[in-house]
Amino acid sequence: MKNFFEAIASFFSSLFGKKKASAPTPQPQPTTSPNDRKPDELEDSSDVPVDTVSTVMVIEVIPDAPGPFADDDKEHAVDGEETPTTPTSPNTGGGTTTPTTPTTPTTPTTPTTPTTPTTPAHTPRFVWCLDNGHGKLQPGKRSPVFDDGKTQFFEYEFNRDVVEKIIKELKKNGVKYFDVVPDFNDVGSFLEERVDRANKFKTDLPKIYVSVHSNAGPAASASDWIADSINGTETWYASNSTKGKKLAAVFQKYLILKTGFKNRNLKSTAEKPLYVLEKTTMPAILTENGFYNNKTQVKELMKDSVRQKIADAHVAAIMEIEEKGIV
Ligand SMILES: [Zn+2]
């Protein structure tokens with residue numbers, strides 16, 4: 001019996017002793033710079049490969065971590081690396097006032113000056129809900145096949161590309177936006193979800209909805225091209241929205257100016273009901289950029305340079321409205 005208690009005591013002693021012995025011992029400090037680390041060597045308390053976290057961040061955290069849970073804090077610091085310090089939506093960009101993480105600070109050619117201001121002086125006025133109309137799984141919404149038997153224009157791809165180009169510029173300009181459908185593969189028409197996401201998106205700034213499309217004219221069949229005389233650009237708004245009409249006019253002005261496409265003017269839902277214009281709870285517009293079943297115009301719409309002009313026109317309209325408001 002005595003031996004039994006001794007064994008128990010010894011057992012706890014060994015446990016306690018082990019813990020006590022290890023507690024004050026600091027974690028082995030990396031003595032080499034992050035660049036000297038072997039490519040596939042792991043952090044001591046993390047399973048995350050080195051090149052996916054900022055090693056410098058870990059080193060900084062260890063001495064600052066208070067109390068007996070320093071190791072836990074370090075792990076949190078490592079795990080938290082991918083979480084931005086400012087709780088913005090992952091689809092929201094622009095206007096951020098603080099750089100998020102100290103990324104790759106050891107590149108020898110670029111001096112790391114943390115004071116470099118990367119944010120433009122622009123003060124965001126609105127949040128632009130950008131809708132890349134249609135999805136990959138949606139039937140129709142594509143041109144007839146070209147004479148080579150394989151080339152075809154897909155509207156969802158065009159809309160998505162233009163919205164991505166717009167976002168790229170808005171980021172540079174410090175304008176706030178919400179990418180309504182960043183989802184790539186499994187999206188069809190998705191109309192209700194588009195509207196729902198934009199309506200539910202929480203922000204302190206007023207929202208404006210911009211849906212980007214390309215047009216199709218009535219053809220004898222899906223494999224027929226339309227008459228070459230049917231071409232150009234038009235911008236839509238909800239017939240009961242004064243703000244929508246004002247916004248549409250600004251977009252249409254720049255679209256004609258920058259693309260040189262024929263001006264098909266403003267159109268409203270009094271002519272044709274459009275779900276995203278009628279169901280959104282914010283001023284909304286929809287741009288129809290050229291006709292993809294016009295064999296001449298679709299060739300333009302397939303050019304990256306033309307898509308950039310279309311994106312630039314949207315950005316110019318957005319910047320004017322950011323500056324002046326809806327007037
Ligand atoms: Zn469309």
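The values are calculated or read from the model by the stated rules, or taken from the named source; none is laboratory data. In this text the structure is predicted, and so the values were computed from the model without any measurement. When we count neighbours, we look across all protein chains shown, and the Cβ atoms used for this are built from the backbone with ideal geometry, even at glycine.
Each row is one residue, and each column tells you yes or no for (1) within 16 Å of the ligand (Cβ to nearest atom); (2) in contact (Cβ under 8 Å) with a residue 24 or more places away in the chain; (3) out of contact with any His (no Cβ under 7 Å at 6 or more places or on another chain).
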site	(1), (2), (3)
F158	yes, yes, yes
D179	no, yes, yes
D204	no, no, yes
T259	no, yes, yes
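For region 262-301, a residue qualifies if it is within 16 Å of the ligand (Cβ to nearest atom) and among the hydrophobic types (A, V, I, L, M, F, W, C), and the qualifying residues are L274, V276, L277, A284, I285, L286, F291, V298, L301. When restricted to residues that are in a helix (DSSP H, G or I) and either of a type outside the set (D, E) or buried (at least 23 other Cβ atoms within 10 Å of the Cβ) (or both), region 275-320 contains 24.
A quick yes/no check of all residues on (1) in a loop (DSSP other than H, G, I, E, B); (2) in contact with a helix residue (DSSP H, G or I) (Cβ under 7 Å, 6 or more places away or on another chain); (3) modelled with pLDDT under 60; (4) among the basic types (K, R):
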{"site": "T107", "(1), (2), (3), (4)": "yes, no, yes, no"}
{"site": "R125", "(1), (2), (3), (4)": "yes, yes, no, yes"}
{"site": "W128", "(1), (2), (3), (4)": "no, yes, no, no"}
{"site": "Q138", "(1), (2), (3), (4)": "yes, yes, no, no"}
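Note on region 206-230: among residues that are farther than 19 Å from C129 by Cβ and more than 16 Å from the ligand (Cβ to nearest atom), the one that is surrounded by the fewest Cβ atoms within 10 Å (Cβ to Cβ) is S221. Return yes when E234 is in the same structural domain as T287 (by TED's automatic domain parsing) and touching an Asp or Glu at 6+ places or on another chain (Cβ under 6 Å) and no when it is not. When the stated conditions are applied, E234 passes them.
Among K176, K171, which is under 14 Å from the mean Cα position of the chain (by Cα) and within 23 Å of K309 (Cβ to Cβ)?
When all the criteria are applied, what remains is K171.
Of the residues F251, F261, the single one that is at pLDDT 95 or above and over 24 Å from P206 (Cβ atoms) is F261.
Candidates in region 122-150 are the residues that are among the hydrophobic types (A, V, I, L, M, F, W, C) and in contact with a strand residue (DSSP E or B) (Cβ under 7 Å, 6 or more places away or on another chain); of these, the one that is surrounded by the fewest Cβ atoms within 10 Å (Cβ to Cβ) is F126. Right, V298: touching a helix residue (DSSP H, G or I) at 6+ places or on another chain (Cβ under 9 Å) and β-branched (V, I, T) or not? No, not satisfied. Figure legend. Inter-residue proximity from region 137-149: first residues under 15 Å from V187 (Cα atoms) and touching a residue at least 60 places away in the same chain (Cβ under 8 Å), second residues outside any loop (DSSP other than H, G, I, E, B) and of a type in the set (S, T, N, Q), beta-carbon distance below 9 Å, spacing 6+ or different chains. Indicated pairs: K141/S214.
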